[in-house]
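No value in this document is a laboratory result; all are computed from the given coordinates. Please read all numbers here as calculations on a predicted model, not as lab measurements. Neighbour counts are summed over all protein chains in view; Cβ atoms, including those assigned to glycine, are modelled from backbone coordinates with ideal geometry.
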Amino acid sequence: MQGEMRGRRLLAAASKGAVCGLVGVAVMTAGEKAEQLFTKRPNSYVPARTLLALLAKAPRQAEKPLVWNHVMHWGTGAVLGSLRGMWAVTGIRGTLANTKHTAVRLAFDQTLENASGMGAPPASWSPQEQAVDVLHKAIYSIATGIAADRWIPPLLESRQGTTSH
């Protein structure tokens, strides 16, 4: 019974976290659009081409599939928001959680983009492109984390395992 209750709370936190992830995507998107007005950087369609490649389609580099871009953009935000929701309910919260979540978001995107053959390793990017990517993913994770930490109480926080043995 106790395990069943824990499972239900984790599922509820994951669901709320998905909503928080959508909030994070909305904030990140607003930040991206503001940054693009200033820098004149064009939209990236690598997310769309990545999703299409993962679905066994053969996207061309010149393609700009806007709908698929949104599906990948918002879908990834919701999926990784679910993770952040589970972190919040188990007591993994605050600035340190947001920092770690930023790394997870960057790693998730880069793994899929490079595994699908649609992206290039960040080390091959200009320092400016790397900084912009990290900035936007950090904005996503901070906004998602703030929403999750405010909405999802740490009901499953444990103090077991506070030592290495």
query: Can you pull out the helices (runs of 4 or more DSSP H) entirely within the stretch 1-101 that have at least 3 residues that are of a type in the set (Val, Ile, Thr) and closer than 25 Å to residue 138 by Cβ?
result: 2-39, 66-89
query: Would the stretch 119-132 turn up any residue that is out of contact with any strand residue (DSSP E or B) (no Cβ under 6 Å at 6 or more places or on another chain) and in contact (Cβ under 8 Å) with a residue 60 or more places away in the chain?
result: yes
- prompt: Somewhere in the stretch 147-157, is a residue surrounded by fewer than 14 Cβ atoms within 10 Å (Cβ to Cβ), in contact (Cβ under 8 Å) with a residue 24 or more places away in the chain, on the phi > 0 side of the Ramachandran plot and more than 17 Å from the chain's Cα centre (by Cα)?
  reply: no
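Quick one: count up the residues across the stretch 37-78 that are more than 16 Å from the chain's Cα centre (by Cα) and of a type outside the set (Phe, Trp, Tyr). Talk me through it step by step, then tell me what you get.
Narrowing the stretch 37-78 to residues more than 16 Å from the chain's Cα centre (by Cα): 37-45, 49, 52-68.
Add one more test, that the residue is of a type outside the set (Phe, Trp, Tyr), and what stays is 37, 39-44, 49, 52-67.
The number of residues fulfilling the criteria is 24.
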- prompt: Within the group 13, 30, 34, which residue is surrounded by fewer than 18 Cβ atoms within 10 Å (Cβ to Cβ) and under 19 Å from the mean Cα position of the chain (by Cα)?
  reply: 30
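Condition first: within 23 Å of residue 27 (Cα to Cα), aromatic (Phe, Trp, Tyr), assigned to a helix (DSSP H, G or I) and under 12 Å from the mean Cα position of the chain (by Cα). Can you find one or more residues in the stretch 135-143 that meet it?
yes
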Residue that is surrounded by the most Cβ atoms within 10 Å (Cβ to Cβ) [pool: residues in the stretch 83-107 that are among the hydroxyl-bearing types (Ser, Thr, Tyr) and within 19 Å of residue 19 (Cα to Cα)]: 102
